[in-house]
Amino acid sequence: MGTTRELLRMEAVGKVFAGGVTALQGMDLRVAGGEFVSLLGPSGCGKSTALRLIAGLMQPTTGKVIWHGDHDTGDLGVVFQEPTLMPWATVEQNVWLPLRLRGERLTESRPQIVQALDMVELGSFAHAYPRELSGGMKMRVSIARALVTQPRMILMDEPFAALDEITRNRMNNDLLALRDRLGCTVIFVTHSVFESVYLSDRIVVMAPRPGRVAEEMTVTAPMRDEEFRTSAEYAAQCRAVSAALHRATGDA
């Protein structure tokens, strides 16, 4: 599960885009190693912007993003809402991409690719093409691609939003199993109260634009499984988080 040592900090981060749109203002966030943290809020509240700033895909206008300890791009795996797979490439070649960009050949990368595909239960689909896969399988390939560099942190931007409920629930369970197995840190963007409560150790509720942290809530659960998903405890925590979201959006 990792440690409680602080891994990442955002200090008074602001982001203003061309045209003067302020996406984030005064964003403060601390993330410890091994945590599963969800950024929860309505569309347009800056969740994805915060994730891209953490990933280094853009720079803040104000404030700073601080990493503790040694850090490079190999420490991060990123999964977007769409799988963004190369349709002309096989599953194996798609997962190889981050290693290929580092100059590693497919033959020398194959053991890591096999391991990543086995972790998402797609070991037998290495030579399949994206057109031959279901939506859930494509997302698994995307997750394997994020895992192949064995990152310390995985950033996920609403990765299961387009999936049906049954597939989404299964992917939630598989993601938690992967997190437990790898001990990595996860920052997960979602607009689903139910998903955030089921997955997270901590939920960061964000206020509408300009985005900022409105409340933080800790989720307690003896075990994340179907029994928890149908429990009174889960329902109560969902109500509490939903109330916090309403307060953040001014609907309370």
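The values are calculated or read from the model by the stated rules, or taken from the named source; none is laboratory data. Because the structure is a prediction, the values reported are computed rather than measured. Cβ: placed from backbone, ideal geometry, glycine included. Neighbour counts: every protein chain shown. When the accessible area is computed, the model is the full protein with side chains, heavy atoms only, and any ligands, DNA or RNA have been set aside. Shrake-Rupley method; radii C 1.70, N 1.55, O 1.52, S 1.80 Å.
If you check Leu106, Leu155, Leu97, Leu101, which single one turns out to be more than 17 Å from Met171 (Cβ to Cβ), of a type in the set (A, V, I, L, M) and under 20 Å from the mean Cα position of the chain (by Cα)?
Leu97
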(request) Taking Arg247 as the residue in question, decide whether it is modelled with pLDDT of 95 or more, surrounded by fewer than 16 Cβ atoms within 10 Å (Cβ to Cβ) and either part of a helix (DSSP H, G or I) or at positive phi (or both). (result) no
(message) Return the residues of segment 75-94 that are surrounded by 15 or more Cβ atoms within 10 Å (Cβ to Cβ) and either without any contact (Cβ under 8 Å) to a residue 24 or more places away in the chain or more than 23 Å from the chain's Cα centre (by Cα) (or both); say none if nothing qualifies.
(response) Thr90, Gln93
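For the condition hydroxyl-bearing (Ser, Thr, Tyr) and buried (at least 17 other Cβ atoms within 10 Å of the Cβ), what is the one hit in Ser48, Ser43?
Ser48
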(message) I need a count of the residues in segment 193-241 that are open to solvent by 30 Å² or more (accessible area, probe 1.4 Å), part of a loop (DSSP other than H, G, I, E, B), of a type outside the set (Ser, Thr, Tyr) and closer than 23 Å to Arg168 by Cβ.
(response) 6
(message) For a quick check of your reading: which strands (runs of 3 or more DSSP E) sit entirely within segment 1-94 and have at least 3 residues that are at pLDDT 90 or above and under 19 Å from Ala248 (Cβ atoms)?
(response) 6-16, 22-32, 36-40
(request) Tell me which of these Ile66 doesn't satisfy, since it passes every other one: (1) β-branched (Val, Ile, Thr); (2) farther than 29 Å from Leu117 by Cα; (3) in contact with a helix residue (DSSP H, G or I) (Cβ under 9 Å, 6 or more places away or on another chain). (result) (3)
(request) Taking the options Thr190, Thr167, name whichever one is modelled with pLDDT under 90 and either within 20 Å of Glu35 (Cβ to Cβ) or surrounded by fewer than 18 Cβ atoms within 10 Å (Cβ to Cβ) (or both). (result) Thr167
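Residue-by-condition table, conditions (1) in a helix (DSSP H, G or I); (2) free of Cβ contacts under 8 Å to residues at least 60 places away in the same chain; (3) open to solvent by less than 40 Å² (accessible area, probe 1.4 Å):
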residue: Thr107; (1), (2), (3): yes, yes, no
residue: Pro111; (1), (2), (3): yes, yes, no
residue: Gln115; (1), (2), (3): yes, yes, no
residue: Ser124; (1), (2), (3): yes, yes, no
residue: Ala144; (1), (2), (3): yes, yes, yes
residue: Thr149; (1), (2), (3): no, no, yes
(message) Anything in segment 173-222 that is among the polar types (S, T, N, Q) and within 15 Å of the chain's Cα centre (by Cα)? List them, or say none.
(response) Asn173, Thr185, Thr190, Ser192, Ser196, Ser200
(request) Would you mention how many residues in segment 9-40 are surrounded by 22 or more Cβ atoms within 10 Å (Cβ to Cβ) and touching a helix residue (DSSP H, G or I) at 6+ places or on another chain (Cβ under 8 Å)? (result) 9
